[in-house]
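I have placed the structure first, in the form of structure tokens, so that the comments after it can refer back to it.
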Amino acid sequence: MQKIIITLFLAILFLNACQDSGSTQTAKVKAVVSNKASIKILPGLPPIYEHFEDLAPIFAQQNDTTYVINFWATWCAPCVKELPYFEALTEKYATQKVKVILVSLDFSKQLETKLKPFLKENKLQSKVLILIDPDANSWVDKVNPAWSGAIPTTVVYKGDINEFYEKSFDSLSELEEIITPFL
């Protein structure tokens, strides 16, 4: 019992010393830990981003690749209807510098029951990420100030050139029309 009390006392002293030090190293460790905590990996699901800030780097790649980023959800009929065109784009441009990223905005409570079975059934080849940040008002403008928050929405960019589409696509050729200038 005495060993437990001494161990607890030493642990409290250590924690207080770390807390009071205010060192930048401690702050850096806390930042890394909190940052990683907002990205979850669950079996059978793509990475789950709890905060838009952790996902934001996908909009800032400075290289010679064309990025096609589509916001969608399984509960959005127009989104699901256009997914085959994004999949065809992924397949058709597999040997070129075109990267399709599908950002699911499915509700966190439905990831296991709706999204996971949907992904398994449809075997999407495009990169899928999940964003469950509930405060859309804080991040929609960061994607594009013109975005009302409605889905489907697609951003196409390469370097500093950026196009925004708050609409559903009706064909692969329509998608190809918008990416051709980027190639």
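The values are calculated or read from the model by the stated rules, or taken from the named source; none is laboratory data. The structure presented is a predicted model; accordingly, all values stated were derived computationally and were not measured. Neighbour counts are summed over all protein chains in view; Cβ atoms, including those assigned to glycine, are modelled from backbone coordinates with ideal geometry.
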| Check on Leu105, over 20 Å from Lys120 (Cα atoms), aliphatic (A, V, I, L, M) and in the same structural domain as Leu124 (by TED's automatic domain parsing) | no
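Can you tell me how many residues within region 141-155 are surrounded by 18 or more Cβ atoms within 10 Å (Cβ to Cβ) and within 16 Å of the chain's Cα centre (by Cα)?
Initial filter on region 141-155 (surrounded by 18 or more Cβ atoms within 10 Å (Cβ to Cβ)): 143, 147, 151-155.
So of that shortlist, the ones also within 16 Å of the chain's Cα centre (by Cα) come out as 143, 151-155.
Going through region 141-155 one residue at a time, the tally reaches 6.
Can you confirm whether region 80-98 contains a residue that is closer than 17 Å to Leu55 by Cα and in contact with an Asp or Glu (Cβ under 6 Å, 6 or more places away or on another chain)? Quick ask: steps written out before the conclusion?
Kept after step one, since they are closer than 17 Å to Leu55 by Cα, are these residues of region 80-98: none.
There is no residue in region 80-98 that is closer than 17 Å to Leu55 by Cα and in contact with an Asp or Glu (Cβ under 6 Å, 6 or more places away or on another chain).
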| note | The number of residues in region 112-127 that are under 16 Å from Ile41 (Cα atoms) and outside any helix (DSSP H, G or I) is 1
| Checking Lys158 against (1) touching a residue at least 12 places away in the same chain (Cβ under 8 Å); (2) closer than 18 Å to Phe71 by Cβ; (3) surrounded by 17 or more Cβ atoms within 10 Å (Cβ to Cβ); (4) not small (Gly, Ala, Ser), which test does it fail? | (2)
